[in-house]
1. At what distance in nm do the modelled label points of residue C:283 and residue A:206 sit from each other, each positioned 7 Å from its Cα along Cα→Cβ?
2. What distance in nm separates the two pseudo spin-label positions at residue A:253 and residue D:46, each 7 Å out from Cα along the beta-carbon direction?
3. Accessible area, 1.4 Å probe, largest first: how do D:333, C:195 sort?
4. Which of the peptides A:317-327, A:127-137, D:19-29 is most tightly packed, and how do the rest follow, judged by the mean count of other Cβ atoms within 10 Å per residue?
5. Take the alpha carbon gyration tensor of the stretch A:32-98, find the square roots of its eigenvalues, order them as a ≥ b ≥ c, and report rounded if a/c is under 1.5; if not, report prolate when a/b exceeds b/c, else oblate.
6. Excluding ligands, DNA and RNA, what is the accessible area buried between chains C and A, summed over both sides, using a 1.4 Å probe, to the nearest 100 Å²?
7. Among the GluC sites (Glu not before Pro) in the stretch C:205-244, which ones are in a DSSP loop with at most 12 other Cβ atoms within 10 Å of the Cβ? Mind listing them?
8. Filter C:140/C:318; D:2/D:46; B:2/B:46; A:46/B:276; C:88/C:140; D:2/D:346 down to the pairs with a C-alpha to C-alpha distance above 24 Å, please.
Number of protein chains: 4
Amino acid sequence: MKALVYEGPGSTSWKDVPDPHIIQPTDAIVRIDTTTICGTDLHILKGDVPAVQPGRILGHEGVGTVTEIGGSVSGLRVGDRVIISCIKSCGHCTNCRKGLFSHCLGDEGQVGTGWIFGHLIDGTQAEFVRVPYADNSLHKLPAGVSDDQAVMLSDILPTAFEIGVRDGRVAPGDVIAVVGAGPIGLAVMATAGLYGAATIIAIDPNESRLARAAGFGATHTVNPGNPEWISEVLALTDGAGVDVAVEAVGLPETFEMALRLVRPGGNVANIGVHGKPVELPLQDLWIRNITISMGLVNTNTTPMLLRLVAQQKLSAGKFATHHFALDQIMDAYDTFSRAAETEALKVVLSRTSHD
Amino acid sequence: MKALVYEGPGSTSWKDVPDPHIIQPTDAIVRIDTTTICGTDLHILKGDVPAVQPGRILGHEGVGTVTEIGGSVSGLRVGDRVIISCIKSCGHCTNCRKGLFSHCLGDEGQVGTGWIFGHLIDGTQAEFVRVPYADNSLHKLPAGVSDDQAVMLSDILPTAFEIGVRDGRVAPGDVIAVVGAGPIGLAVMATAGLYGAATIIAIDPNESRLARAAGFGATHTVNPGNPEWISEVLALTDGAGVDVAVEAVGLPETFEMALRLVRPGGNVANIGVHGKPVELPLQDLWIRNITISMGLVNTNTTPMLLRLVAQQKLSAGKFATHHFALDQIMDAYDTFSRAAETEALKVVLSRTSHD
Amino acid sequence: MKALVYEGPGSTSWKDVPDPHIIQPTDAIVRIDTTTICGTDLHILKGDVPAVQPGRILGHEGVGTVTEIGGSVSGLRVGDRVIISCIKSCGHCTNCRKGLFSHCLGDEGQVGTGWIFGHLIDGTQAEFVRVPYADNSLHKLPAGVSDDQAVMLSDILPTAFEIGVRDGRVAPGDVIAVVGAGPIGLAVMATAGLYGAATIIAIDPNESRLARAAGFGATHTVNPGNPEWISEVLALTDGAGVDVAVEAVGLPETFEMALRLVRPGGNVANIGVHGKPVELPLQDLWIRNITISMGLVNTNTTPMLLRLVAQQKLSAGKFATHHFALDQIMDAYDTFSRAAETEALKVVLSRTSHD
Amino acid sequence: MKALVYEGPGSTSWKDVPDPHIIQPTDAIVRIDTTTICGTDLHILKGDVPAVQPGRILGHEGVGTVTEIGGSVSGLRVGDRVIISCIKSCGHCTNCRKGLFSHCLGDEGQVGTGWIFGHLIDGTQAEFVRVPYADNSLHKLPAGVSDDQAVMLSDILPTAFEIGVRDGRVAPGDVIAVVGAGPIGLAVMATAGLYGAATIIAIDPNESRLARAAGFGATHTVNPGNPEWISEVLALTDGAGVDVAVEAVGLPETFEMALRLVRPGGNVANIGVHGKPVELPLQDLWIRNITISMGLVNTNTTPMLLRLVAQQKLSAGKFATHHFALDQIMDAYDTFSRAAETEALKVVLSRTSHD
């Protein structure tokens, strides 16, 4: 099959590799019908994630069709259309029993914690992928949900909702600020109403992103290029700060912005993937009764979010701004990596039908 | 009356000052029967808390007897023995209605948020003190609770329990690490069982403090001077880290120790009063699904903790290691400030009876 | 002044009574600008609430203008427009400190627990009313919120939201059934989205009520007169039952309907005011991991709901279907008591301006 | 092998039956080393549980040794000593993903919801048992935990803790009443401290049970035969009732006792297996802000409780009051069914070693 292979910092190629095959009886093989590229893939490409070794097939998001199942896979059949969760979960380790699927330990002799696709094992930017613990890591698609919608449930929608909205403990009536109006930030805005957020402030220096934010649920937008930006945000609160500030970028300065905006008793929820330490001004914060949360998605809300998408109550398809055939993946990376210019949110890659 | 007056960095004196009087109808005047000194008082003395102006009477902990009440105080009578909470709460502002008494806004024209004694208004290291919002800020003492026990409920016991144990979300069966075995850290150990902590690890470089920790609830002790200290802690877990790490010191290095010990999915609860920023290694932490909490006590558990003390289920008196008369307060400060040497936990100052 | 006085079962009159006056320093006197009638008032009228003695002025909902305040009222001024909460709360008793305002104990010598207006003290169906603990029991109205909107915040909106939605633990994506599409049931439907309810099923035998339900947030309607009604509801779930069933009527049969609809692991939230016992089929239920909650509103969400109304995010005014002058209250009772026929939801009574 | 076979109401026999064998690749076969009898078994014997068909092997508790595993069992090996949870859980159905293992749906073609042993499939009162979904339904035993201790983790300890203590939302400092001082009630008393219960009142008409309660954690005992029993309980509270009342019997009258004792804002947790409906006095309760919970154990706390037992922090072995060899099971049933007379708590049956 063809796959996008990481060949070291700055270098990938779309090339022939051996087809994946069942290794464990809990595995399934899935033919990729649709995949996409994540900001994390760009980090990997830069060499920022040393655990990713040359030779690794990238990608941790995808929608596909089951082509083969291991002997103990019980909830799936060949031919099922499925969402591939960005993390795998065995369902029975200590962490899985607690719902902490992001840190699934798996069984002896199986690879690493939750996030492994395109990281510790081969990923989804390929024609086929081997999925460990298929019963727990795949979600069957109901009819009527398109691939464009479904692929947003591999990662961005559950990540935004769980790590931003739920772990940020958004509550009815809350004022929330979302620092960063990229795909993840917009996905926070799109799902914050599920816990009753009433005022949703998009904060981003890019005006075209801000313009787009209203369509995803933002009630107000603030450009931090404006020297009065903090006052603008506070004016939308009772003056004390926002109830929840969500960091959806991954830079020290955006994290600090979130810290500056939160009210006493409020929460900062970090979703950004950070590459550097951040200075935490504990001398000011210790007295403020705030909570800072962070983490990798557990995907325990994926079934619920999928139902909302199927019921047309959550609009997932509109994150897909650009479409490519799977073998145009190099072009897709180019478009996605120049998002400021191309206005790409998610680039969607689809199997070229040869049937 | 006599009181301990802050006269600028490094300087205080026990001297004559005017008696306090009722200003608002919600005030009470309380004769101090017992007070104590907090680590925060030492910070103030160094000049670390610039909001404290020269002329201010210090102290935010105390037990006393009501000598006068304002016209709208309804739950107290002259002669009542009371605990003075370290924070005041009006009971009806936005924050109080949410139970966030630590950030009580009070009414127009009244001073500042929750912590005001010995900070923004005159405090409890005096013969008398004016207590704003007396109905909410004082707790009547049942017979049978001694002053030594009661004064630990002004601050250290509710602070340790709320900010360390409750906000750290200690859960049944948890392994917790308490960094710092001073009064607050010991108070965490003493109350962690209320949420079912099973393994309580005291971490402190001072061996005499570690020796004392077992008497307050620690099940294990670890000296971070030992190069293997982290392995020692991890050996008491399943290898992944502690469920909750409580910071009870207030230094960058102790905060970092807490971060290093916590398991994926666990919590770091900061109680320490910090004077400097701390480097947060978000590049490692973002993926770990941890929560970091911090804050000032709300005192909403004070009535419950008081009942436990009255029922002999929580041993409060043993925090009182040294006793002084109120007018020996300069000696008491000396003893307390040399705690490493004097082995002082809490120094208790009592009214010299002249009746 | 004029007021509606209960004169024993089946009998009331609108007549002259003495004006109320300040009794406690925490009281306020409020001129009633708008009031309304609650189903509970009809129960009282029938003699179902024996605690209500002849001579009592009825009514526990209202919007008005402060005309006098006691000496220790600090958060209000004469002339403030306010919502009168249906319960009073002192803010400092054991229950208030826990946020259980519905069971406020008040101070010695003051009357009873939370719900007292038109019950244990004189109520709001009058030209003026004395409001105990005014600082906690009144909510200042921002400009731009009409009396019609505001009066729905005295009782029905917070009751529906707290007792139905919040205590029913509605969660994102949930399927909920609301048994009873009267004012309270509709208020549940209108606020269930604040915790992310995705499917909201209105159940009522009255087709005109069902027709109206969609305008208040119902996504589906079911008439229990249809013998297949249970199957109709289950078809909107995954077959196992609804996540939350809200009882908003107060009859044994409607409570039983709620019990039959709830899924294993789900919740039944009772809002109805019941006059009779109900048979609980514990032989079937014990194994089903359900929770049944019930209670009187605490009003701790009133400020939040008021903000949503002010921000046009919660539509409150449309509950007001009929309008009367205050002195037409006998007609208003007649219209409200024949709601099945008049299609009344809330009848709103307004001060006839004589200024 | 030999097993205890149900032959219709009132009749069982210990007789030869075919050995169990692996049916699904997720199954394991476990040799029973220790089993016990539950009150539910007595109900079955009376014919109260019609789903149990003649021919069924009874028993849902046990400790044993794995003798065979199916092809996809990954976390266990032949020879492992294990606790058999009283319910099975697949780990991947909708309910399991939510931690509602008690209502595990399993896969197509596999039998029923969570509780199946000795009910819908053959149980543990036998020399061997087939365990479906072995990876999730068995818990490996660490060295140092005896069979007597471990068998209490099959059902009574997690049931008491989850359904009584956790679902009853016991909180630090609470006063709780436990109606019924049989094995389950005592297990509630033994684990209530894990959420900080401070006053634990055992209520039972049997004085010898009351006498035993103190050894399991009760701080007070009340005999409901005393006409003043309610006053006795209220005297241990602030007069308003207990925070949590746990029903641990399963009769209408004991459930009603729990309802009478609970304070406004408190919780009633039902653990009892009921055979009849109960009258719920909603006309009094609707206003009291109470919650009533009930259900079957999910076993998600079993690993935590097991750790506490292994650490000697939870005393499990003392529930074992009588010992029998497995083939003396008819005698064991006799002893257990006359518990009032024999003072049996749990009768423990052990494999007669023939090795």
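1. In this crude spin-label approximation the distance works out to 6.5 nm.
2. 7.5 nm
3. On the way: D:333 15, C:195 50 Å².
Ranking D:333, C:195 by accessible area, largest first, yields C:195, D:333.
4. Details: A:317-327: 17.2, A:127-137: 25.2, D:19-29: 18.9.
My ranking of the peptides, most packed first, is A:127-137, D:19-29, A:317-327.
5. On the way: a/c = 2.36, a/b = 1.44, b/c = 1.64.
In terms of gyration-tensor shape, oblate.
6. Details: alone 14520 and 14550 Å², together 28030 Å².
Buried area (both sides, nearest 100 Å²): 1000 Å².
7. Numbers: sites: C:207, C:228, C:232; in loops: C:228.
Answer by residue number: C:228.
8. Working: C:140/C:318 21 Å; D:2/D:46 22 Å; B:2/B:46 22 Å; A:46/B:276 34 Å; C:88/C:140 15 Å; D:2/D:346 22 Å.
Distance filter (> 24 Å) returns A:46/B:276.
The values are calculated or read from the model by the stated rules, or taken from the named source; none is laboratory data. Note that the coordinates shown come from a computational prediction; the quantities given were computed from them, not determined experimentally. Reconstructed Cβ throughout: ideal geometry from the backbone, glycine too, with neighbour counts over all protein chains shown. Note: accessible area is taken over every heavy atom of the protein model, side chains too, but ligands, DNA and RNA are not part of it. Shrake-Rupley method; radii C 1.70, N 1.55, O 1.52, S 1.80 Å.
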